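A short write-up of the structure that comes next.
The values are calculated or read from the model by the stated rules, or taken from the named source; none is laboratory data. Quantities reported herein were computed from a predicted structural model and do not represent experimental measurements. Glycine gets a Cβ as well: all are built from the backbone with ideal geometry, and neighbour counts include every protein chain shown.
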Ligand code: SAM
């Protein structure tokens, strides 16, 4: 079933696709009146619709039913990702959205090699990647990609979650399995470091802030592999797979 994000609320039982989405529905997918389409408000609600009219710049959709989106994880997952080199963040954002992250918070830590002084254009690009990935995998929420913050800000925000995980390459005591033996909270933070890893003082700051230092096993994963492994494991532990 074709799926589109809409920012408006239904008006007299009608939702309208405009611009690129209208073009995609009418010209690319060649949807016709009477055909079914799902419109999602990007905040967890799906509208099952039947197409009423197809014009060049607007496709009117009659709302038949609305219900909570069925494609979201049971937990609200936030990925805190240290800025990696080159365009790895594009890949990480795409995979994190497919794996159900509700929000992605990029941050700058001590060992980040990439230290751009202007990041708003990058964040704009990552947000576009998040939208495309959310459409492709059928998300019920349009994940937010936040502005780049400092390590300290990220750690303090991450610590607010019920389950706050600091994925530390030097962690030797606590594996992720043991850390989640008592279950997964409704809100989960996953904090991942850059290619150079975390500085010891950052690990100490994170522990002080209340994050749980956990290991992803005895091998060192690349900074673009670790978030995928961590998100998948937390999804599994949270009963989403
Ligand atoms: N430069 C570090 C080293 O050689 O030890 C490796 C950093 S790793 C490329 C990037 C990030 O992925 C780490 O900071 C951590 O967040 C995560 N990571 C990778 N392997 C991990 C593991 N075995 N346990 C926990 N976190 C891991």
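Within the set 158, 147, 133, the sole residue that is modelled with pLDDT of 95 or more, surrounded by fewer than 13 Cβ atoms within 10 Å (Cβ to Cβ), touching a helix residue (DSSP H, G or I) at 6+ places or on another chain (Cβ under 8 Å) and within 30 Å of residue 46 (Cβ to Cβ) turns out to be 147. Inspect the stretch 125-144 for any residue being over 14 Å from residue 93 (Cα atoms), part of a helix (DSSP H, G or I) and in contact (Cβ under 8 Å) with a residue 60 or more places away in the chain and give the result as yes or no. Scanning the stretch 125-144 turns up no residue that is over 14 Å from residue 93 (Cα atoms), part of a helix (DSSP H, G or I) and in contact (Cβ under 8 Å) with a residue 60 or more places away in the chain. Among the conditions (1) away from the ligand (no atom under 16 Å from the Cβ); (2) within 19 Å of residue 227 (Cβ to Cβ); (3) surrounded by fewer than 16 Cβ atoms within 10 Å (Cβ to Cβ), the only one that residue 102 does not satisfy is (3). Looking at 210, 196, just one residue is surrounded by fewer than 18 Cβ atoms within 10 Å (Cβ to Cβ), within 12 Å of the ligand (Cβ to nearest atom) and more than 19 Å from residue 97 (Cα to Cα), and that residue is 196.
For every residue, the table says whether it meets (1) farther than 17 Å from residue 79 by Cα; (2) near the ligand (Cβ under 9 Å from one of its atoms); (3) part of a loop (DSSP other than H, G, I, E, B).
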{"residue": "173", "(1), (2), (3)": "yes, no, yes"}
{"residue": "177", "(1), (2), (3)": "yes, no, no"}
{"residue": "185", "(1), (2), (3)": "no, no, yes"}
{"residue": "220", "(1), (2), (3)": "yes, yes, yes"}
{"residue": "223", "(1), (2), (3)": "no, yes, yes"}
{"residue": "232", "(1), (2), (3)": "no, no, no"}
{"residue": "239", "(1), (2), (3)": "yes, no, yes"}
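Would you check which residues across the stretch 71-92 are away from the ligand (no atom under 16 Å from the Cβ) and not in a loop (DSSP other than H, G, I, E, B) and list them? Scanning the stretch 71-92 gives 76, 90. Go through the stretch 203-241 and count every residue that is farther than 22 Å from residue 90 by Cα and in contact with a strand residue (DSSP E or B) (Cβ under 9 Å, 6 or more places away or on another chain). Within the stretch 203-241, residues that are farther than 22 Å from residue 90 by Cα and in contact with a strand residue (DSSP E or B) (Cβ under 9 Å, 6 or more places away or on another chain) number 13. A search for C-beta distances below 8 Å between a residue of the stretch 190-216 that is closer than 20 Å to residue 76 by Cα and any residue that is within 7 Å of the ligand (Cβ to nearest atom) and not in a strand (DSSP E or B), counting only pairs 6+ apart in sequence or on different chains, returns 192/223; 192/226; 213/168; 213/171; 214/168; 214/171.
Taking the conditions exactly as written (closer than 16 Å to residue 74 by Cα, assigned by TED's automatic domain parsing to the domain that holds residue 111 and touching a residue at least 24 places away in the same chain (Cβ under 8 Å)), does residue 154 satisfy them or not? No. Are any residues in the stretch 161-171 within 17 Å of the chain's Cα centre (by Cα) and within 13 Å of the ligand (Cβ to nearest atom), and if so, which ones? Of everything in the stretch 161-171, just one residue is within 17 Å of the chain's Cα centre (by Cα) and within 13 Å of the ligand (Cβ to nearest atom), namely 165.
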